[in-house]
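Down below is the structure, laid out as structure tokens.
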Amino acid sequence: MSILSTDSFVVIGGSHDICQDYAMTTDKSIIVCDGCSSSQDSDFGAQMLARSIALYSKSGIKKGYTDYIYDITCSIFLAHKASGIMGLPNNSLDATLVAGIIQENKLHFFFAGDGSVAWKYKGQDANYVTVQYCLGAPEYLSYSLDKARHDMYMEVYGNKRTIKCAGNIEEIDLPDVNKSPIYCINDIDTDDLEWAVVFSDGVESFQGVPSSMVMHGLSSFKNFKGKFMKRRAKRFFSDNKTYHDDDVACAAFSFINE
Amino acid sequence: MTDSQFEQFDLGNSSFGFSAIGTNDLEASEYTLVTIAVDDSTSIDCFASAINDCLGEIVLACRRSQRADNLMIRVVTFGNTVVEHHGFKLLMNCAPDDYKNCIKGRGLTALNDAAINAIEAANSYAQRLKADDYGVNGLVVVITDGENNHSTAASANLVGAAMKKVQMNEQIDGGLHSILIGCDQGSGSINAILKSWQKDANFSQFIGLTDVKDKTFAKIAQFISRSISSQSQSLATGGPSQALPFDPTQNAGAAGPSLNF
């Protein structure tokens, strides 16, 4: 029988005064949000977005990944309401999202903006997928709150994202035919899955170290007891004192067989 | 915690091993390994009860700290030989009553063997923890009222060699801080010998107490608790270990122990 446990880790980047990444987990979800560094109070916005997604993902009966896409789309409005009550500006919600949600025996990954995910089956190499946006300008969910802002974004940048992958999957397995703000990798079978991790784009910000190496290091778990993600991440950062100018956030599932 | 949950470890050349809980049971991300090695020779018999209470007080004080979940304690006694009262286990699984009959005051003083065992056991377990990604540092405290007179390791230099090996290997991230507490029941001649032992053994710190009475051990409990606190904090912050001063005028037990967790 597999037992699901979760853990997360966040560390501030070298060029930041405030950490604008936020990571959290629930019993069935792992969520990372990365606030835009040029948007005021986006550290709060990242947390509110993550929490509203966590709330939505736990509510109601879900039939499949499309229900979660709907929930994520709606979550920005809940976060907007909360940020309004706290007197935060609209652009405080300029934050990317990378989430993994378990539904029955399937794992779905969702991206709203850039970031990476990884997952590994027992006895196999890990798979890594990175979503990047043209000119480093991700399409934030918060643009849907302001049509003018959204139109300007589409005019300048368009919804141009690239998807890179490594491991046992090929890019042809990851179609991007859906041009909605949310990119999805759905229906990953959880049988024989060992772990899954979501990362903010901070893994791309290590000087002289490719992101693939950073993600591999952060997911080389020695065991899965207790604070397993924090332990691995602290050891990784302790052993590799490489400068990273951006915040780094990661959250993980582990599937332990008893 | 039952004995069956402890794993037994050998220490290579040493005839004394150690035990510790398996890493599968550890939930935190980092641990300070505390070893307290206590003299159990005949001359300490008059303080047996006070020392047992001292050990209980240390556990009680540390359990109240915010870092309690990041502490592991091992207690050994040394008379004719080294005896492990209990192996490395989580502080929260230690109870003051566990030490009611720890010290019996019988035998000679295997100080060198106890110190070497404490150092090597901490280093060995730290390596194991580090292999599983745990952050770790260590504190060894040796309490004795007399010089070594019955060890297989004939000289303090061998203790020093063991300590140097640990320092050079750098397996314990935050370092291994070591304290020798000399409890001279007279006016200080024993402490002069122990001071020299400390230098040869490469111990970080020597606290020489004279005219020791029962109540001295309450102050020792407070000092050791503060030292544990300091070592745990240095692991959390990544800062260096700090040697705290022993303040004999500090009122033990007044308004609770002064811990800076």
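The values are calculated or read from the model by the stated rules, or taken from the named source; none is laboratory data. Predicted, not measured: the structure shown is a model, and the values here were computed from it. Heads up, the Cβs are rebuilt from the backbone with ideal geometry, glycines too, and the neighbour counts pull from every protein chain shown. Surface areas here come from the heavy atoms of the whole protein model, side chains and all, with no ligands, DNA or RNA. Shrake-Rupley method; radii C 1.70, N 1.55, O 1.52, S 1.80 Å.
I'd like the antiparallel share, as a percent to the nearest 5, of DSSP beta bridges with both residues in the stretch B:1-103.
Looking only at bridges with both residues in the stretch B:1-103, the antiparallel portion is about 55 percent.
Residue by residue through B:133-144, how many Cβ atoms from other chains fall within 10 Å of the Cβ on average?
If you average over the peptide's residues, the count of other-chain Cβ atoms is 2.
Among bridges DSSP assigns within the protein assembly as shown, what percent are antiparallel (round to 5)?
Rounded to the nearest five, the antiparallel share is 70 percent.
Please build a GNM for chain B, connecting alpha carbons under 10 Å apart, and tell me which residue among B:E120, B:E27, B:E57 fluctuates the most.
B:E27
Mind ranking B:87-95, B:227-235 by how tightly packed they are, going by the mean number of other C-beta atoms within 10 angstrom, highest first?
Per-residue mean Cβ counts within 10 Å order the peptides as B:227-235, B:87-95.
Rounded to the nearest 500 deg cm²/dmol, what is the calculated helix-only ellipticity per residue at 222 nm for the protein assembly as shown, with -39500 (n - 2.57) per DSSP H run of length n ≥ 4?
Mean residue ellipticity at 222 nm (helix-derived): -9500 deg cm²/dmol.
Determine one quarter of the surface area of the Cα convex hull of the stretch B:115-261, which equals its mean projected area, and express it in nm² to one decimal.
Result: 9.3 nm².
Hydropathy at least 0.5 by Kyte-Doolittle, axial extent at least 20 angstrom from the Cα trace: which helices of chain A, defined as entire DSSP H runs, fit?
Span-like helices here: none at all.
Skipping prolines and chain starts, which residues have an amide H placed within reach, meaning under 5 Å, of the one on B:I21, given they are 5 or more residues away or on another chain?
Those lying under 5 Å, H to H, from B:I21 are B:E7, B:F88.
When N is the residue count of the stretch A:27-87, what does its C-alpha Rg come to as a fraction of 2.2 N^0.38 Å?
1.17
For labels at A:S59 and B:K213 in the simple 7 Å Cα→Cβ model, what's the distance in nm?
6.9 nm
Hey, what do the phi angles of the stretch B:100-112 turn into as Karplus ³J(HN,Hα) couplings, whole Hz, using 6.51/-1.76/1.60 and θ = phi - 60°, x for Gly and Pro?
Those phi angles translate into 4, 10, 5, 9, 10, x, 9, x, 9, 10, 8, 5, 4 Hz.
Let me confirm one metric for peptide A:126-133, namely the mean number of other chain beta-carbon atoms within 10 Å of its residues' beta-carbons.
0
Please find, in a Gaussian network model of chain A (springs between Cα atoms separated by less than 10 Å), the residue of A:F111, A:F221, A:F199 whose mean-square fluctuation is greatest.
Its mean-square fluctuation being the largest, the pick is A:F221.
Compute the distance in nm between two label points, each set 7 Å from the Cα along the Cα-to-Cβ direction, one at A:D191 and one at B:D69.
Result for the modelled spin labels: 3.6 nm.
Whole-Hz Karplus ³J(HN,Hα) for the stretch B:54-60, in order, using 6.51 cos²θ - 1.76 cosθ + 1.60 and θ = phi - 60°, x for Gly and Pro?
Those phi angles translate into 4, 5, x, 5, 4, 4, 4 Hz.
Identify which of A:A126, A:A54, A:A112 has the largest mean-square fluctuation in a Gaussian network model of chain A, with springs joining Cα atoms closer than 10 Å.
A:A126
Could you order peptides B:141-152, A:143-154 by the average number of other Cβ atoms within 10 Å of their residues, highest first?
Result, highest mean Cβ count within 10 Å first: B:141-152, A:143-154.
Which percentage, to the nearest 5, of the DSSP beta bridges contained in chain B is antiparallel?
25 percent
Going highest first, how would you order A:38-48, B:172-182 by mean Cβ packing within 10 Å?
B:172-182, A:38-48
Can you tell me the mean projection area, over all orientations, of the convex hull of chain B's alpha carbons? Units nm², please.
Averaging across all directions leaves 12.3 nm² for the Cα convex hull.
Work out from phi, with θ = phi - 60° and the Karplus expression 6.51 cos²θ - 1.76 cosθ + 1.60, the ³J(HN,Hα) of each residue of the stretch B:83-88, listed in order in whole Hz, and give x for Gly and Pro.
Residue by residue, the stretch B:83-88 yields 10, 8, 6, 7, x, 4 Hz.
What is the set of long-range amide H partners of A:Y133 at a cut-off below 5 Å, with H atoms built 1.01 Å from backbone N?
For A:Y133, the qualifying residues are A:T162.
Estimate for me the total accessible surface buried between chains A and B (protein heavy atoms, probe 1.4 Å, no ligands or nucleic acids), in Å² to the nearest 100.
When A and B are taken together, about 1100 Å² of accessible area is lost.
Report, as an integer, the average count of C-beta atoms from other chains found within 10 Å of each Cβ along A:238-245.
Per residue, the average neighbour count from other chains is 1.
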